[in-house]
Structure formats: C-alpha cells, structure tokens
1. To two decimal places, what compactness ratio does the range 29-88 give when its Cα radius of gyration is scaled by 2.2 N^0.38 Å?
2. Taking the Cβ of F116 as the centre, find all other residues whose Cβ is under 12 Å away and add up their charges (Lys, Arg: +1; Asp, Glu: -1).
3. On a full-extension model of 0.36 nm per residue, what is the gain between T142 and S50, subtracting their alpha-carbon distance, rounded to one decimal in nm?
4. Given the peptides 97-104, 124-131, 37-44, arrange them by the average over their residues of other C-beta atoms within 10 Å, most packed first.
5. Restricting attention to the alpha-carbon atoms of the range 66-122, what are Rg (one decimal) and Dmax (integer), both in Å?
6. If only Cα atoms are counted, what is the Rg of the range 75-158, and what is its Dmax, in Å?
7. Where q = 0.09, 0.14, 0.19 Å⁻¹, what log10 of I(q)/I(0) comes from the Debye formula for the range 17-158, counting one point per Cα?
Amino acid sequence: MRSRILFVIISILVTGCISVEICDDDNNSVMVAKFMTMKDELPADSTVASLSVYGIREGKPDSLLYNNQPSVNAFELPLDPHHDYSRFVLQVDTLTDTLELMHTQELYLISYDCGFGNVFTLDNNPGYSGGLIKSAEIKDETVDALTEEDDVHIWLFL
C-alpha cells in the first residue's frame, strides 16, 4: 500500500515538472501586403473591390490563394521556402500584375515540440509588371511566424 502511494506521489511530481508547450496552429511565416494610393502627396489606404491572387512555383501548378475576395485592403502571402524568390499574380477586376519578391531565408528553432520556423528577409527592390501596381515599398523586411494583426511588410501603390 505504501509503495502505491509513493508511486502516485512521484508520478504527480514528475508530470507536474514537465513543460507542455502548446504550439500555435500555424507557425508558417506569411508576408502582409497592403494596397495604397497617393493622396495630396501622402500615402493613403486603398481598397479594391475584388482580388484574386495566384502563387507561382516552378515545377508546380499555380495555387489560387484568393478567389475574387471582395473589398480587400490588406492580404497575406506565403513566401516560398524552397527558393530565394516568391512570385504572385494579382488580379483586380480586369487588371493583372505579377509581383516578384527576392528574399533570403533562415530556419530557427521555435521549440523542441513545435519544430522549426522560417525567417525571411525581403530584398528592397520588389519587381512588378503588368500595369496594376504603380510602385511598391518594403515597410518591414523581416517576415516571420510572429506576424501581428496590424503588421505590414509591403505597400503596393495602385
């Protein structure tokens, strides 16, 4: 009897000392892009009526990320961890543009339980072609899994 009580007490103490870390549902790094316009020579928020976005990866079919999403000001884009660039096709109404972002990537250990995450560093010269985007400005070059709700990495001027 005594050995059972001792076993239960030791079991409770051991399990009480183990740290169980709960991982976020998503430890992927996503870049946040925001539409902007110039108003009185100052940047101003802009909203598009409908947005479709396709991710482009070499050797893989294009992936539809947004399909005619209504009333969009800011949106998230997953960066390609297998290349030093990410490309996306953006479509607003009848206008289409290709956005190309150069970046470097580093892996970092989130924890033993959660595994690794990616930290991307964006190059300051985003490429675009097609006429929808007039200019682009990197606002925060570091993209990681700790992106907050109000973070913005790039402004896309229409």
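1. Working: Rg = 13.7 Å, N = 60, 2.2 N^0.38 = 10.4 Å.
Compactness ratio reported: 1.32.
2. Details: positive: none; negative: E106, D113, D144.
With Lys, Arg at +1 and Asp, Glu at -1, the net is -3.
3. Numbers: separation 92, 0.36 × 92 = 33.12 nm, distance 2.78 nm.
Using 0.36 nm per residue and subtracting the Cα-Cα distance, I get 30.3 nm.
4. Details: 97-104: 18.1, 124-131: 13.1, 37-44: 9.8.
Highest-to-lowest ranking by the protection proxy: 97-104, 124-131, 37-44.
5. When restricted to the Cα atoms of the range 66-122, Rg and Dmax are 14.9, 47 Å.
6. 14.1, 47
7. -0.30, -0.68, -1.17
Only the coordinates and a few stated rules stand behind these numbers; no lab work does. Here the structure is a predicted model, which means the values were calculated and not measured. All Cβ positions, glycine included, derive from the backbone under ideal geometry; neighbour counts span all protein chains shown.
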